[in-house]
1. So what is the relative contact order for the chain, in percent, with contacts set as C-alpha pairs under 8 Å and at least six apart?
2. Determine how many Å³ per residue the convex hull of the Cα atoms of the chain encloses.
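Nothing in this text is a laboratory measurement; each read-out follows from the coordinates by a stated rule. Computed from a predicted model, the values in this text were never measured in an experiment.
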Amino acid sequence: MVRVLRTVTLDRAADEVLRYLADFGNTEQWDPGTVRCDRLDGGPVAEGSTWRNVSRFRGRET
């Protein structure tokens, strides 16, 4: 199994960063492999929220 560990220092409050990362719709901004990410449900982002993520890897979309 491959394990990757990265450390990033940000000039933002932890709760702001967690809200940003919890909204998977932001994935296109920070994951270069993501082609698009669409929310499938509505309302506030919460446990159980769902998205459809399309990524490109080795020339193929999944």
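1. Reported as a whole number, the value is 22 percent.
2. Cα convex hull per residue, to the nearest whole number: 133 Å³.
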